[in-house]
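The values are calculated or read from the model by the stated rules, or taken from the named source; none is laboratory data. Keep in mind it's a predicted model, so treat the numbers as computed, not measured. Glycine gets a Cβ as well: all are built from the backbone with ideal geometry, and neighbour counts include every protein chain shown. Ligands, DNA and RNA are stripped out before the accessible areas are found, and what is left, the full protein with its side chains, is counted by its heavy atoms. Shrake-Rupley method; radii C 1.70, N 1.55, O 1.52, S 1.80 Å.
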Amino acid sequence: MLRLALAASLFVSLFFVPAFAATYYAEQTDFDEHSVPEAGYRWDRGNLQVCISKEDGVPNKYYVWAKLAVQDWRSALREYTGDADAWSMSARYAPDGAMAGCDVRVHIYDTYKDFPGYPDQKGAYTAVQYTGGISDEADVYLSPKVLHGDGSTEIDLPGYAFRNSAVHEMGHVLGLSHNAKIKGYLMSPQFDFWEEDDQLPITTMELSTLAEIYGSRGLAG
């Protein structure tokens with residue numbers, strides 16, 4: 001889920017040729033949609049600093065999966081564009097009180113009820129502050145326990161579903177909005193945890209949109 005702090009617009013039209021023999025992304029196979037809507041902001045810095053904290057009692061594996069979400073995007077973007085020097089993103093652990101200087105702050109809570117946005121926010125969400133289309137900072141809120149859309153069923157996310165959630169929210173951080181299709185895409189506005197039984201891949205659709213947003217210099221563009 002995406003929550004924006006400011007309104008903005010962005011106009012970029014560039015073309016990229018994907019790299020071959022990909023291992024960090026998959027080719028798009030569902031062509032109901034051909035691109036991911038842009039959120040209207042982008043980063044403009046050489047290295048995106050991501051800090052990850054977790055509440056006491058949250059198992060360390062959730063921190064690891066959140067860190068892997070950052071690495072997944074970095075590797076997929078580098079491979080897709082064929083530029084190993086661009087798309088620099090680093091992730092590290094930092095307690096909530098030690099996040100000064102972090103561009104992106106990822107907060108992992110034991111339950112959705114601990115979210116700062118609760119009760120309005122009952123599932124993972126991202127808040128981005130930006131000025132004139134350039135991102136200033138972002139906060140991502142994750143939990144292994146969320147509330148189903150029916151408003152009453154609590155869900156303990158299996159590992160692949162939490163990873164889906166973390167990768168999805170990092171897509172928002174980078175500048176992607178939601179696809180129109182309710183289910184099936186990584187950036188769909190809804191995941192059905194009873195139908196999916198594996199992690200959704202980053203595909204050429206998400207990557208081509210980000211390549212258009214940022215151009216040849218990646219995050220420093």
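Among the residues of the stretch 196-221, how many are part of a loop (DSSP other than H, G, I, E, B), charged (D, E, K, R) and surrounded by 15 or more Cβ atoms within 10 Å (Cβ to Cβ)?
First, the residues of the stretch 196-221 that are part of a loop (DSSP other than H, G, I, E, B): 196-202, 221.
Retained after the next criterion (residues that are charged (D, E, K, R)): 196-198.
If we keep only those that are surrounded by 15 or more Cβ atoms within 10 Å (Cβ to Cβ) as well, we get 196.
Adding up the residues that qualify gives 1.
Determine whether the stretch 188-195 contains at least one residue that is open to solvent by less than 10 Å² (accessible area, probe 1.4 Å) and part of a loop (DSSP other than H, G, I, E, B).
Yes, that holds for at least one residue.
Show the residue pairs meeting these rules: Cβ distance below 9 Å; 6+ apart or different chains; first residue within the stretch 158-169 and open to solvent by 10 Å² or more (accessible area, probe 1.4 Å); second residue assigned to a helix (DSSP H, G or I) and of a type in the set (Lys, Arg).
Gly159/Lys61
Could you check Met99 against (1) open to solvent by less than 20 Å² (accessible area, probe 1.4 Å); (2) of a type in the set (A, V, I, L, M, F, W, C); (3) within 17 Å of the chain's Cα centre (by Cα) and say which number it fails?
Of the numbered conditions (1) open to solvent by less than 20 Å² (accessible area, probe 1.4 Å); (2) of a type in the set (A, V, I, L, M, F, W, C); (3) within 17 Å of the chain's Cα centre (by Cα), the odd one out for Met99 is (3).
Go over the candidates His178, His107, His172 one by one and state the one that is assigned to a strand (DSSP E or B) and surrounded by 15 or more Cβ atoms within 10 Å (Cβ to Cβ).
His107
Quick check on Gly184: is it modelled with pLDDT under 95 and not acidic (Asp, Glu)?
For Gly184, the condition - modelled with pLDDT under 95 and not acidic (Asp, Glu) - is met.
List every residue pair whose Cβ atoms lie under 6 Å apart, where the two residues are 6 or more positions apart in sequence or sit on different chains, the first residue falls within the stretch 61-85 and is open to solvent by less than 30 Å² (accessible area, probe 1.4 Å), and the second residue, located anywhere, is acidic (Asp, Glu) and at pLDDT 95 or above.
Correct list of pairs: empty, since none qualify.
Does Gly218 fit the bill of being more than 19 Å from Ile52 (Cβ to Cβ), touching a residue at least 40 places away in the same chain (Cβ under 8 Å) and of a type in the set (Gly, Ala, Ser)?
Numbers: more than 19 Å from Ile52 (Cβ to Cβ): yes; touching a residue at least 40 places away in the same chain (Cβ under 8 Å): yes; of a type in the set (Gly, Ala, Ser): yes.
Yes.
When the stretch 187-201 is examined, which residues are found to be in contact with a strand residue (DSSP E or B) (Cβ under 7 Å, 6 or more places away or on another chain) and within 22 Å of Glu79 (Cβ to Cβ)?
Met187, Pro201, listed by residue number.
For the stretch 27-58: of the residues being closer than 28 Å to Asp156 by Cα, surrounded by fewer than 16 Cβ atoms within 10 Å (Cβ to Cβ) and in contact (Cβ under 8 Å) with a residue 24 or more places away in the chain, which is nearest to the chain's Cα centre (by Cα)?
Glu55
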